[in-house]
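The values are calculated or read from the model by the stated rules, or taken from the named source; none is laboratory data. Note that this is a predicted model, so its numbers are computed, not measured. As a convention, Cβ positions derive from the backbone with ideal geometry for all residues, glycine included, and neighbour counts pool all protein chains shown. Protein only, heavy atoms only, side chains kept; ligands, DNA and RNA dropped before computing areas. Shrake-Rupley method; radii C 1.70, N 1.55, O 1.52, S 1.80 Å.
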Amino acid sequence: MTESQPAATADRILDVAEEMFAEQGYRAVSVRSITRACDANIAAVHYHFGSKQILLEEIFARRSGAINAARLKLLDDCAEQPGRAPVLEQVLEAYLRPSFAQPSDDEGARRFMRLRSVVAHEQAELSKNLIAKHFNATSQRFIAAIAAATPHLSANDVFWRFHFLLGAHYYTLSNPGRIQALSGDQCDPADLEAALAEMVTFAAAGFRAPPCDRSQLSFTPITSQSA
């Protein structure tokens, strides 16, 4: 066996596990079913990863590492220059673009987002810990850059609007067929450049909007109610 074979086996296991978790659910997929699908023996999974949860963590580490490196490189290139978009749009695109399309692996980017959705639904605490571990530091860099580009907003305003950006980003990649159904196939979810441009425009407008004025709400305030 060559040195590259163990690495190739590990990558194959990660690829198959990611696809199966995303399509069938994390709980429903067993280690044995993964080994059958990738034509490996169960000992290979335990040798490379130890357990199903470690396998999931390695998928997050692999995907998040590529996404975060690309995001930070693009962020470093953002600058106010003639002929370029405003810095806010540059920062938003730098954040979003790497997760819309990883090099030569657009389907992989969408599959990873579906996987995140599945894990968030089935294993909320595990999902929260994985997201915090692999994405919080990079997200804080972008929040600071957005805050610098939107001095009219308070820190809380920026956090809320970044939260809404995450929701739009997450839903667009995890459920792209929804817009296709609503638009009668006029909007193509496979057109990632169109989706990216629309989201950057939408998010930039949201961040440029004035601070929230709750007195402008028209309906009865929401209050918590006991069961």
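Annotations
- Relative to the compact-globule estimate of 2.2 N^0.38 Å, the Cα radius of gyration of segment 143-227 comes out at 1.37.
- Using only alpha-carbon positions in segment 67-125, the gyration tensor eigenvalues give semi-axes of 28, 13, 9 Å once each is multiplied by 5 and square-rooted (largest first).
- Note on GLU19: accessible area is roughly 100 Å² with a 1.4 Å probe, heavy atoms of protein only.
- Estimated translational D of segment 106-149 in µm²/s (Stokes, Kirkwood radius over Cα pairs; 25 °C; 0.890 mPa s): 209 µm²/s
- Here the Karplus relation 6.51 cos²θ - 1.76 cosθ + 1.60, evaluated at θ = phi - 60°, turns the backbone of segment 159-172 into coupling constants of 4, 4, 6, 5, 4, 5, 4, 4, x, 5, 4, 4, 5, 4 Hz, with x for every Gly and Pro.
- Alpha-carbon Debye profile of segment 78-213, log10 I(q)/I(0) at 0.09, 0.11 Å⁻¹: -0.29, -0.44
- The Cβ shell under 13 Å around LEU88 holds other residues with a net charge of 0, Lys and Arg each +1, Asp and Glu each -1.
- Trypsin sites (Lys or Arg not before Pro) within segment 60-95: DSSP coil, no more than 15 neighbouring Cβ in 10 Å: ARG84
- Computed per residue of the chain from DSSP H runs no shorter than four, each worth -39500 (n - 2.57), the mean residue ellipticity at 222 nm is -23500 deg cm²/dmol.
- P(r) tail for segment 1-153: Cα pairs beyond 22 Å make up 49% of the total.
- GNM flexibility winner over the chain from ALA137, ALA109, ALA204 (Cα, springs under 10 Å): ALA137
- In this structure segment 38-175 gives 50 Å² per residue of accessible area when probed at 1.4 Å with all protein chains present.
- Accessible area of segment 32-110 belonging to carbon and sulfur atoms, whole % at 1.4 Å probe: 52 percent
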